[in-house]
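The structure appears right after this line, and notes come after that.
The values are calculated or read from the model by the stated rules, or taken from the named source; none is laboratory data. Quick caveat, the model's predicted, so the values are computed rather than measured. Neighbour counts are summed over all protein chains in view; Cβ atoms, including those assigned to glycine, are modelled from backbone coordinates with ideal geometry. Ligands, DNA and RNA are stripped out before the accessible areas are found, and what is left, the full protein with its side chains, is counted by its heavy atoms. Shrake-Rupley method; radii C 1.70, N 1.55, O 1.52, S 1.80 Å.
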Amino acid sequence: MVRDDGADRYVVLQRKGQLFPAVYSAAHRLCRLPVWRGRDAVDPSPVLDSLEDVAMQVAFFCGVGINASLERLLTAARAVADTVRTIQAASRPGFGGNVDERLRPDDEAGRRRLDHAITAFVEAARADLRIDGSWLPVHPAS
């Protein structure tokens, strides 16, 4: 049987083109997920689980470079989720659902690290897909 390597590469490229944006979307949702919604704690687990599920699919199709950036992104995502849980256990929501002033620096620093990891992953993924041009992250108003 003769394999058509071009067709095989196209299928992988097409799958990456679906999975890479799904990683970006889930990671972005986690990065922007509030700690509190009014007086209620917001559980980061469903969004983190979604991110981890799609990340495992990406890891199957990708090599060392993408997977290294993906691992950094997952590490930062897990740290944000852990920080959110710590904040929820150690405090109550402030006015308007804000994070307690004492804990806000940890929350903001973790989210900045995740945001940087998202940007690094997207840049690596775009290079892998050979997408030319610059990329500007989207940060819609909450």
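Table for the structure above
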{"read-out": "Accessible-area order (highest first, 1.4 angstrom probe) of the listed residues TYR10, TYR24", "value": "TYR10, TYR24"}
{"read-out": "Length gained when the stretch ALA7-VAL138 is fully extended (0.36 nm per residue, less Cα-Cα span)", "value": "43.9 nm"}
{"read-out": "PHE60-ALA109 FRET efficiency (beta carbon distance; Förster radius 30 Å; 0.05 resolution)", "value": "0.40"}
{"read-out": "Accessible surface of the chain [probe 1.4 Å, protein heavy atoms]: carbon and sulfur percent", "value": "56 percent"}
{"read-out": "Amide hydrogen neighbours beyond the local backbone of SER91, cut-off 5 Å, H modeled", "value": "none"}
{"read-out": "Assigned charges on the beta-carbon of Lys, Arg, Asp, Glu; region 44-142 dipole about Cα centre (debye)", "value": "160 debye"}
{"read-out": "Whole-number accessible area per residue in Å² for region 90-138, which is evaluated in the context of all protein chains at 1.4 Å", "value": "66 Å²"}
{"read-out": "Accessible surface ranking that places the most exposed of ARG126, ARG78, ARG39 first, with a 1.4 angstrom probe", "value": "ARG39, ARG78, ARG126"}
{"read-out": "FRET efficiency for THR75 and ARG102, using Cβ-Cβ distance with R0 set to 25 Å, rounded to 0.05", "value": "0.50"}
{"read-out": "Calculated [θ] (222 nm, deg cm²/dmol) that DSSP helices of n ≥ 4 give over the chain, each run adding -39,500 (n - 2.57)", "value": "-24000 deg cm²/dmol"}
{"read-out": "Cα-based shape type of region 14-91, given that a ≥ b ≥ c are square roots of the gyration tensor eigenvalues and the cut on a/c is 1.5", "value": "prolate"}
{"read-out": "Helical segments meeting 18 Å axial Cα length and Kyte-Doolittle 0.0 threshold in the chain (DSSP H)", "value": "45-61, 64-90"}
{"read-out": "Relative contact order [Cα under 8 Å, 6+ residues apart], the chain, whole percent", "value": "30 percent"}
{"read-out": "Contour minus Cα-Cα distance for ASP53 and ALA41 (0.36 nm per residue)", "value": "2.0 nm"}
